[in-house]
Amino acid sequence: MIEKVIEGVYWIAGKDKFLPDSHVYLIGLPERKDYSLVDCGLMEMGSYKIGEIESIGIRPEHIKRIILTHTHLDHIGCLPEIMEAIPGIQVWVHEEEGRYLERGDDRVIWGNKMFESMIRSQITIPERYFDLKPHRKLIDGDILDLGGVRVKVIHIPGHSIGSIGLLNEEHRFFISGDTIYADGAIGRYDLFSADPSQLRRSLELIATLDIDCLLPCHNRVVKSGAGPMIKKTVENWRSLLS
Ligand SMILES: [Zn+2]
Ligand SMILES: [Zn+2]
């Protein structure tokens, strides 16, 4: 399912299987023909995501880059499929997790050994499947012009070391990855490179942003009026994260 959220922003809902599949956002104004994807989803979900995009008349070759909110498996899993389907597509990721990808260190991707062996027992994934050199390593404060839609990169570590959010000041939307969701939920903070006190600081930072539309990478999307919900979520979790 693909749905337009606001002008220049489409939401492709994740299709959870035995593992969650992240939502994907497609960003860019139609006349610019310079689209960006935010996250990819789980393995074998590449053709579903591309099919949804084609269903609204957007040609895959007009997708120029993939921005990863972070590199957990449910967000990066089908990246190799998409890179094969769209030759020349670039990968942009925060520098902290970009370094792991470059080194071929996949501990952030899997989160922990138990997940890795459980998933590898069900699907064949070649060794070093996710090794890649990102085309751009993002840092906090980067301003990106994504096909006419301007977003600011906000580094929000805690769920993972290189988690980022993307803030658009014009329409007040925020793509929050797995750091904060709708309805009072936040991302887990027990996987490799996670840090509960960093997560608390990141949530406190998010609570200071002027956000109306919350676009997380799982569960419900909040198209308007998300500000009070975000502040309440942060308030509720603050004392539990140290
Ligand atoms: Zn995650
Ligand atoms: Zn996720």
As a test, work out the antiparallel percent of DSSP beta bridges whose residues both lie in region 104-237, rounded to the nearest 5.
75
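Taking neighbour counts of Cβ atoms within 10 Å as a proxy for exposure, in what order, fewest first, do Arg120, Arg99 appear? Don't skip to the answer; put the middle values down first.
Working: Arg120 12, Arg99 16.
Ascending number of Cβ neighbours within 10 Å: Arg120, Arg99.
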With both bridge residues required to lie in region 2-237, what share of the DSSP beta bridges run antiparallel, to the nearest 5%?
60
Treat each spin label as a single point 7 Å out from the Cα along the C-beta direction, and report the Leu205 to Arg103 distance in nm.
2.1
Burial ordering of Ser242, Ser163, Ser193, fewest other beta-carbon atoms within 10 Å first:
Ser242, Ser193, Ser163
So how far, in whole Å, is the C-alpha centre of region 1-48 from the one of region 67-122?
16
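For His135 and Glu3, what does the FRET efficiency come to when R0 = 25 Å and r is the distance between their Cβ atoms, rounded to the nearest 0.05?
0.30
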Tell me the volume per residue, in Å³, of the convex hull enclosing the alpha carbons of region 2-237.
109
For the peptides 44-57, 146-159, what is the packing order when you average, over each peptide's residues, the other Cβ atoms within 10 Å and list the highest mean first?
146-159, 44-57
Taking the number of other C-beta atoms within 10 Å as the exposure measure, put Arg65, Arg172, Arg136, Arg103 in order starting with the fewest.
Arg103, Arg136, Arg172, Arg65
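No lab work stands behind these numbers, since they all come straight from the coordinates. Predicted model only: the values in this text are computed from it and were never measured. Cβ sites come from the backbone with ideal geometry, for glycine too, and all protein chains shown count toward neighbours.
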